[in-house]
Amino acid sequence: MDLMAAGDAPDARIFGMDGEVLAAGRDEIRALFSDAYERNPTLHYEIQTRIEVGPFVIDEERISGFSDGREPVRSAISYRIEGGFVTEVRFFG
């Protein structure tokens, strides 16, 4: 988790589908993903398609390995990159 968070800007934010802030800053982002992997130890993100346009990276991902046995889900995730760091992440789907 520390390695993942190191790629985020100190003031990076993660937004949910409805625009709510899920995490702000490296510590909250680390906690968000640590919690997700503690609850779902076999969680797996597989990039299906990647689009890079200017400072944006948009991934279509297949997410699987949920502990509750639910089927894999399809999601789009956008990343804004500034100065080599992720400054904003938005989840769709």
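The values are calculated or read from the model by the stated rules, or taken from the named source; none is laboratory data. All values derive from a computational prediction rather than experimental measurement. Ideal geometry is used to build each Cβ from the backbone, glycine not excepted, and the neighbour counts take in all protein chains shown. Side chains are part of the model used for accessible areas, which takes the heavy atoms of the whole protein and leaves out ligands, DNA and RNA. Shrake-Rupley method; radii C 1.70, N 1.55, O 1.52, S 1.80 Å.
Quick look at the numbers
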| quantity | calculated |
| --- | --- |
| Meets criteria (within 14 Å of Ser78 (Cα to Cα), surrounded by 10 or more Cβ atoms within 10 Å (Cβ to Cβ), of a type in the set (A, V, I, L, M) and at pLDDT below 95) for Met17 | yes |
| Scope segment 39-82; condition without any contact (Cβ under 8 Å) to a residue 24 or more places away in the chain, outside any strand (DSSP E or B), of a type outside the set (Gly, Ala, Ser) and open to solvent by less than 80 Å² (accessible area, probe 1.4 Å); matching residues | Leu43, Pro72 |
| Sole residue being open to solvent by 40 Å² or more (accessible area, probe 1.4 Å), of a type in the set (Gly, Ala, Ser) and either within 15 Å of Ile77 (Cα to Cα) or out of contact with any His (no Cβ under 8 Å at 6 or more places or on another chain) (or both), chosen from Ala24, Ala36, Ala12 | Ala24 |
| Single residue of segment 49-93 satisfying the filter (within 12 Å of the chain's Cα centre (by Cα) and among the basic types (Lys, Arg)) that is nearest to Ala23 (Cα to Cα) | Arg90 |
